Amino acid sequence: MDFEKLTELIIELEVDDIADAVKEALEADGKDPFDVLNALTKGMDEVGRRYEEKEYYLTELVLAGETMKEAFVILQPALAAADRSESKVKVIIATVKGDNHDIGKNILGSLLLSSGFEVIDLGMDVEEQAIIDKVKETGATVVALSSLLTMTVEQIKVVHEALKSAGLRDKVKLIVGGAPLNMELAKKLGADDFADDAVDGVKHIKALAE
Ligand code: B12
């Protein structure tokens, strides 16, 4: 199973075949799970491009999301097995309120797990209060928020303000990611940090947690 084939299966939305293909790449071919992740992400980028070019529509977007989820059932344990560190810093991850994109967040979660972090995943479309409650309950020191929609990036500021009002803002680091964001906007919205992709995100979170 070569990497091009994995990328192609995502682009062609082969939801029934992707799990076996990922399994074959990992088990029979002994491929590095991080390289497999790269190949799958490349496929999602192409799906996004086709959607922008109106070659794909919402149905295809939904199917691409499903296909990626199927792949992750197999890939996630392989990523987790690559656990490389002793750190047990607690990180809350969530997609902001109003946003139902969770693939990027899930990738970040898997990579954090495989780097030895304790990950508390609140899911997508998450209200600020749920984040506050979880910070209080777990004592997490990092909150990582995902926003893929321009419409929902303001929600980062809402979370920042809510943490402040609850007296928690100086106890947690807030890092954000997602296509509509950049470092400048992230800082303007009250976040401490931003990363372009999940691999960089893990590096930034390691630095923030020190
Ligand atoms: C799949 C998809 C969907 C799926 C989501 C399935 C799911 N369970 O996630 C479905 C079909 C549900 C969907 C719906 C919609 N979508 Co959509 N979707 C996409 C698509 C094609 C891919 C997103 C994706 O998963 N990418 C792959 C992952 C791996 O990448 P990623 O999410 O960017 O994450 C990476 C980084 O950003 C970063 N990252 C992400 N989060 C975080 C967090 C932290 C802390 C850090 C450090 C890093 C980090 O790391 C990740 C991995 O490296 C994108 C186009 C694109 N190319 O991005 C459009 C896109 C995001 N969608 C878009 C739109 C408009 C919509 C809809 C409004 C469509 C509609 N008319 O209904 C709805 C909104 C629904 C809602 N309320 O959220 C637009 C957003 C435009 C904008 N700027 O606002 C995009 C950009 C498409 C486009 N070009 O128009 N979508």
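If the chain linking residue 46 and residue 69 were pulled fully straight, counting 0.36 nm for each residue of separation and taking away their Cα-Cα distance, it would gain 6.6 nm. Protection proxy ranking, highest mean first, for peptides 51-62, 178-189, 126-137: 126-137, 178-189, 51-62, where packing is the per-residue count of other beta-carbon atoms within 10 Å, averaged. For the chain, the relative contact order is 16 percent, taking Cα pairs closer than 8 Å that sit 6 or more residues apart in sequence and dividing their mean separation by the residue count.
Within the stretch 3-81, the percentage of alpha carbon pairs spaced more than 17 angstrom apart rounds to 38%.
With a simple spin-label model that places each label point 7 Å from the Cα along the Cα-to-Cβ direction, the separation between residue 5 and residue 129 comes to 5.1 nm. Look at where the Cα atoms of the stretch 134-153 and of the stretch 176-196 average out, and the two centres are 12 Å apart.
Between residue 141 and residue 16, what length comes free when the chain is fully extended (0.36 nm per residue of separation minus the Cα-Cα distance, one decimal in nm)? Walk me through the numbers on the way to the answer.
Numbers: separation 125, 0.36 × 125 = 45.00 nm, distance 3.91 nm.
Here the answer is 41.1 nm.
Across the stretch 90-209, the mean sequence separation of Cα contacts (distance under 8 Å, 6 or more residues apart), normalised by length, yields a relative contact order of 28 percent. Compared with the dominant Cα axis of the chain, that is its longest principal axis, helix 198-209 is turned about 30°. Pairs 105/173; 5/54; 54/105; 5/105; 105/187; 97/136: which exceed 22 Å Cα-Cα? Distance filter (> 22 Å) returns 5/54; 54/105; 5/105. In a reduced charge model with +1 at each Lys and Arg Cβ and -1 at each Asp and Glu Cβ, the chain shows a dipole moment near 1280 debye about its Cα centre. Across the alpha-carbon atoms of the chain, the computed radius of gyration and Dmax are 17.3, 53 angstrom. Between residue 154 and residue 28, full extension at 0.36 nm per residue minus the direct alpha carbon distance yields a gain of 40.8 nm.
For residue 134, a cut-off of 12 angstrom between C-alpha atoms picks up these aspartates and glutamates, skipping any fewer than 8 places away in its own chain: 121. Per-residue ellipticity at 222 nm computed for the chain from its helices equals -16500 deg cm²/dmol, with DSSP H segments shorter than 4 residues left out and the rest contributing -39,500 (n - 2.57). Here the calculated FRET efficiency for residue 59 and residue 166, from their Cβ-Cβ distance with R0 = 35 Å, stands at 0.30, rounded to the nearest 0.05. All other residues whose Cβ lies under 11 angstrom from that of residue 119 are scored, Lys and Arg at +1 and Asp and Glu at -1, for a net of +1.
Coordinate-derived values only; no laboratory data. Because the structure is a prediction, the values reported are computed rather than measured. Quick reminder, even Gly has a Cβ in these numbers, built from the backbone with ideal geometry, and neighbours come from all protein chains shown.
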